[in-house]
Amino acid sequence: ITAEQLLRDAWERKEPPTSATAPRQQIADAQELKEYRQTKRKFFEDKIRMNRTNIPTWVKYAKWEETQLEFVRARSIFERAIDVDYRNHSLWLHYAEMEMRHRFVNHARNVWDRAVTLLPRVDAFWYKYAYMEEMLANHDA
């Protein structure tokens, strides 16, 4: 038996890699949806508990809640993340853009106002805040 034969034999017997992704879930009723949401929330909360300072995990969690149309929960998650690291620019941007995307104008104004108060030297906050007011035709602000 040569080395070439051993390699060829090993290659032929090689099993296909198993996929690590879970199959897509079909949710049939309200109870299954509730269980799915509970499982997903527990997953995110566990990840946050392991590393509180990982802001991308907070943002993913809040964006997931946004996709579930749970805006109060998404706001709560963003607020908890801001308590962890209020100096993170992308966190404020994601938060305010979520509010603007869903036309919660007063909430967006509140977020922008807090962002420019806490971090006045971040130009992006000022630009986006002014742009939002321009789009709303509120030239007095």
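The values are calculated or read from the model by the stated rules, or taken from the named source; none is laboratory data. Keep in mind that what you see is a predicted model, and the values were worked out from it rather than measured. All Cβ positions, glycine included, derive from the backbone under ideal geometry; neighbour counts span all protein chains shown. With ligands, DNA and RNA removed, areas are computed over all heavy atoms of the protein, side chains included. Shrake-Rupley method; radii C 1.70, N 1.55, O 1.52, S 1.80 Å.
Kindly indicate whether Arg24 is charged (D, E, K, R), exposed (fewer than 11 other Cβ atoms within 10 Å of the Cβ) and not in a helix (DSSP H, G or I). Judged against the criteria, Arg24 is a match.
Within the stretch 32-72, restricting attention to residues that are under 25 Å from Met100 (Cβ atoms) and hydroxyl-bearing (Ser, Thr, Tyr), the residue that is nearest to the chain's Cα centre (by Cα) is Tyr61.
Would you point out the residue of the stretch 103-124, among those that are more than 18 Å from Ala137 (Cα to Cα) and surrounded by 13 or more Cβ atoms within 10 Å (Cβ to Cβ), that is nearest to the chain's Cα centre (by Cα)? The selected residue is Val111.
Of all the numbered requirements in (1) open to solvent by 80 Å² or more (accessible area, probe 1.4 Å); (2) under 21 Å from Lys128 (Cβ atoms); (3) acidic (Asp, Glu), Glu15 misses one, and that requirement is (2). Pairs are defined by a Cβ separation below 7 Å, a sequence spacing of at least 6 or placement on different chains, a first member in the stretch 18-31 that is within 20 Å of Gln68 (Cα to Cα) and aromatic (Phe, Trp, Tyr), and a second member that is modelled with pLDDT under 85 and assigned to a loop (DSSP other than H, G, I, E, B); no pair meets this definition.
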